[in-house]
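Student: Let me give you the structure first, and then I'll get to my questions.
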Amino acid sequence: MSTNTSAEEIQLSISGMRCAGCVSAIEGALSTMAGVSSVNVNFADNSALIRGQLDAELLIKAVKEAGFDAAVMEAFEDPEAQEQLELSRYKSLMNKAAVAGAFGVLLMLTDMLDWLPEMGSATGKWFWPDVALLTLAVLIYSGWHFYSGAVKSLRLGQANMDTLIALGTGSAWLYSCIVIDYSAYLPSLAKHAYFEAAVVILAFINLGTGLETLARGKTSSAIRQLIGLQPRTARVIRDGAEIDIPIEQVGLAETLRIRPGEKIPVDGVLLDGSSSVDESMLTGESMPLEKSVGAEVIAGTVNLTGSFIFKATRIGRDTALAQIIKSVKQAQSSKPEIARLADKISGIFVPIVVAISVFTFFVWLFLGPAPSISYAFVTSMTVLVIACPCALGLATPISVMVAVGRAAQLGILIRKGDALQTAGKITCLILDKTGTVTQGKPVVSQVEVLDDNYTVDKIIQLAASIEAGSEHPLASAILAEAEKNNLSLDKVEQFEALSGFGVTATINNQVIAFGNKALMDAQHIKTLDTVQLLESLASKGQTPMLLAVNKHIVGIISVADPIKVDSARAVQRFISQGIRVVMVTGDNLTTANAIAQQAGITEVKAQVLPHEKANIVKAFQDQGEIVGMVGDGINDAPALAQADVGLAIGTGTDIAIESADIVILQGSLTKIAEVIQLSKYTVNNIKQNLVGAFFYNTISIPVAAGLLYPLFGILLNPMIAGAAMAMSSLTVVSNANRLKWLKID
């Protein structure tokens, strides 16, 4: 027994899928395997995502036994090799279409020009058997993949698109051979061979499949671009020397050098140097980010100006880039609810079509005009050909693939197909405050000078000097402000941090106290003149800190976590879409109300503990709301999991948040609005595809069966049916690809 078993997920590349019936066959074969918990087969990109206690070899064996071929897809395929493989398949299909088309057109033209000998004539006795053999050779070359697929499907007791094509073209050839052998016993109207119909049908179907292959290949361009971001080599520093090595040989904690214009090979932290880095392909953010010592860099991003040395912290499949690619692939392979419905219908569609074809044959045979056998054969064959459910099988997965790829280009990772469908239905959006509505990073927002002997810079300098030894979260904001104003720090003595109050120290023989009003009261420093100002600052969502020198208050520094520049605009956009917006925070009510007012949010729930957020989400759901929860994915994890759609806001390194359905690589709330808009467009696109596919089959099958013949004398030619079937699939693919060019406001 193989020991290659682990709790994991495996993505297989499947070859040989040609319709929704193939999807059902593969899902059925894989679902019966021991240890498999879920299977999602994606017809649009010929892949299968399997989760559970898995053995890759056994999974591949199961797929092969079902009549298909499979191989494990690695995290980083070679994009050029993948593209060449798709191009090779496209060329093969085009060659098969060209051979069948050329032979079929030649037969049709010679027949139209009345150049073909009559059956039973001296010339016809050797000519038509030769044509039958040539046609058989063309059928084998251009249609062997259909015939072999039909046989494999039959062995499993199933039917798929291959079944329809094999029955349609095979019966056309067989009927034509019977006509040749028994032409003397048939009426003149029945003496017609359908060799040209059989090969032209294959020409159209191969042409349609080839064009689908070309179009489907383009839908994965976003993934190929992401895969192509990672360089193939990296420059490492070993034993004091710089050497270039293949990317797969880079180890954890390895020291690497990056020069201007180079792509960063792995995730890491800067050790020396500084630069600006273009992260647009990962985050959608067009502005380069400045990086200095201690900053994090992400694999696949581009170094623009300076040179720096960094230490590798994540390599291989653990890098942010690898996780992004994995998330995009998962979303493209997963199926929204609307897709599962289409799959169920497609799974039973082929047997129904075969039954309709048989019924049509006997109706025409017993009730049709003479020669009834010819009419019966032509109509039943046309039903088989025109009913191929390619368009139906493609309708949903192709739209999901394009939409998820488009989202990735916008810096949005859609991890689950259901989230893509549900996001557009959100009626209530719950926003965490810190890091979601606000920047999540305190900054100095206001400095009040209360003593004429002091300036703003002097107050900041004293506060920064005393805070240099503090670990308080607000200290970094004061120090950043001093650095920004190029202020030097004074020497601090007798430093003391008083938890919950502030800090005291001696600077230049002066006793300095810096903290809240409670600290001043404890130090017996008068604050009566500042009470109104403190209340005013607090009402704006700021945290005021008083600075006292020798027991005399000289100034107030306010620190705040400001709202993001586009939060208010995003909130107004949500409201204009009829979405109820609620801000939930663990902060006090005064600060929460101040931030909510700046953002334009009217509904606030403050002083909420992390575990209580999930209860709030549940309460809104009980009211009938479809809830989207937006948070940082850590403290908000229970609420993200409870929500109908969980949206995590963060940088590219946050994408491993398992509780989120959608991850926003940037920190902008406007991206949530883009997700909602993309969801609505995608669902509409899927509906258009499904309606088009169902309408096509609903209308075409009765027409193919000859419903219009008694009234208007209209009877579809099998060749026209083949062309129509191919065009319906191409129409679905083209409609889905419109999402690639979708303008998101």
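The values are calculated or read from the model by the stated rules, or taken from the named source; none is laboratory data. Everything quoted here is computed from the prediction, not taken from an experiment. Here the Cβ is made from the backbone with ideal geometry for all residues, glycine too, and neighbour counts use every protein chain on show. Please note that ligands, DNA and RNA were not included when accessible areas were found on the heavy atoms of the full protein model with its side chains. Shrake-Rupley method; radii C 1.70, N 1.55, O 1.52, S 1.80 Å.
Student: Quick one: order C22, C177 from most to least accessible surface, probe 1.4 Å.
Tutor: Largest accessible area first, the residues go C177, C22.
Student: Would you tell me the accessible area of R259, worked out with a 1.4 angstrom probe on the heavy atoms of the protein chains, in Å² to the nearest 10?
Tutor: We get 90 Å² for R259.
Student: Something else about it: Tell me, what is the percent relative contact order of segment 491-609, built from C-alpha pairs under 8 Å that lie six or more residues apart?
Tutor: Here the relative contact order equals 18 percent.
Student: Could you sort M33, M520 by their accessible area in this structure, using a 1.4 Å probe and putting the largest first?
Tutor: Heavy-atom accessible area, descending, gives M33, M520.
Student: Looking at this model, which pairs from K64/K687; K441/K743; K613/K680; K311/K458; K526/K613; K326/K687 are more than 29 angstrom apart at the alpha-carbon?
Tutor: Violating the 29 Å limit, Cα to Cα: K64/K687; K441/K743; K311/K458; K526/K613.
Student: Using the charge dipole of segment 387-535 (Lys, Arg: +1 at Cβ; Asp, Glu: -1 at Cβ; taken about the Cα centre), state which of H524, T438, F495 has its Cα farthest towards the positive end.
Tutor: Toward the positive end, the furthest listed residue is T438.
Student: Then there's this: Based on the Cβ-Cβ distance of V565 and I699, what FRET efficiency does E = 1/(1 + (r/R0)^6) give at R0 = 60 Å, to the nearest 0.05?
Tutor: The formula returns an efficiency of 0.70 here.
Student: Would you mind computing, in nm to one decimal, how far apart the modelled labels at N588 and N615 are, each placed 7 Å from Cα along Cα→Cβ?
Tutor: 2.3
Student: Taking N as the number of residues in segment 435-510, what value does Rg over Cα atoms divided by 2.2 N^0.38 Å take?
Tutor: That ratio works out to 1.15.
Student: Can you tell me the FRET efficiency between T305 and Q577 if r is taken as the Cβ-Cβ distance and R0 is 35 Å, rounded to the nearest 0.05?
Tutor: Using R0 = 35 Å, I get an efficiency of 0.30.
Student: Considering only protein heavy atoms, what is the solvent-accessible area of I264 at a probe of 1.4 Å, reported in Å² to the nearest 10?
Tutor: Surface accessible to solvent at I264 totals approximately 0 Å².
Student: Just reorder D661, D69, D587 by solvent-accessible area, largest first, 1.4 Å probe, all chains present.
Tutor: Heavy-atom accessible area, descending, gives D69, D587, D661.
Student: Mind grabbing the accessible area of T32 for me, 1.4 Å probe, Å², rounded to tens?
Tutor: Near enough 110 Å² of accessible area.
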